[in-house]
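The values are calculated or read from the model by the stated rules, or taken from the named source; none is laboratory data. Everything quoted here is computed from the prediction, not taken from an experiment. For neighbour counting, all protein chains shown are included, and Cβ atoms are generated from backbone atoms with ideal geometry for every residue, glycine included. Accessible surface areas use protein heavy atoms only, side chains included; no ligands, DNA or RNA. Shrake-Rupley method; radii C 1.70, N 1.55, O 1.52, S 1.80 Å.
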Amino acid sequence: MNPVRRQRLLIVLGALTGVALAAGLLLYAISDNINLFYTPQKVVNGEAPVGQRMRVGGLVTAGSVRRDQESLKVQFDLTDGIGTFTVYYQGILPDLFREGQGIVANGTLTSRESFEATEVLAKHDETYMPPEVQEALERAGHPGAATTEEAKAGSNHY
């Protein structure tokens, strides 16, 4: 093979190797930051991977909020009308957090019955519910989904 062609071939192969390596590292970095959304029904049914970072959403079960008197630890049950599991969180909950309200929590699933949250997000006004939570409640046939739809319809007037 001609020395000039050989040198060009090595340069092209080196460039392709570098691009492939960069793409592989990028995909690896992105995979660590992907948070998939799961409903309580999917978590309880075992469809959500244990030990994986994810987002879960549903309604806070009435009477389930338990606060530690000596720290910022709180636990509450999250449901979509079919599945229910306990969320553990340490920190200050949003001002709009309350029982019967739709929330989304980011964190790690530790078992089918428990979720360690690093962040809890609550709706920002009386008519808003996160779209993922709304769809999950509608699919589960939960009565909370109908009241949210009615509130949306009533708030669209000027």
Within region 36-47, can you find the residues that are closer than 15 Å to ALA117 by Cα and open to solvent by less than 50 Å² (accessible area, probe 1.4 Å)?
PHE37, TYR38, THR39, PRO40, VAL43
Checked region 57-81 for anything more than 20 Å from VAL43 (Cα to Cα), in contact (Cβ under 8 Å) with a residue 12 or more places away in the chain and in a loop (DSSP other than H, G, I, E, B); matches are GLY63, SER71, LEU72
Residue selected from region 65-94 under the condition surrounded by fewer than 16 Cβ atoms within 10 Å (Cβ to Cβ) and polar (S, T, N, Q), by the criterion nearest to ALA140 (Cα to Cα):
GLN90
If we ask which residues in region 82-106 are in a loop (DSSP other than H, G, I, E, B), among the small types (Gly, Ala, Ser) and modelled with pLDDT of 90 or more, their number turns out to be 1
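For region 1-35, what are the residues that are free of Cβ contacts under 8 Å to residues at least 60 places away in the same chain, under 30 Å from PHE115 (Cα atoms) and surrounded by 10 or more Cβ atoms within 10 Å (Cβ to Cβ)?
Taking region 1-35 first, the residues free of Cβ contacts under 8 Å to residues at least 60 places away in the same chain are 1-34.
The next check asks that each one be under 30 Å from PHE115 (Cα atoms); those that pass are 25-34.
Within region 1-35, LEU25, LEU26 qualify.
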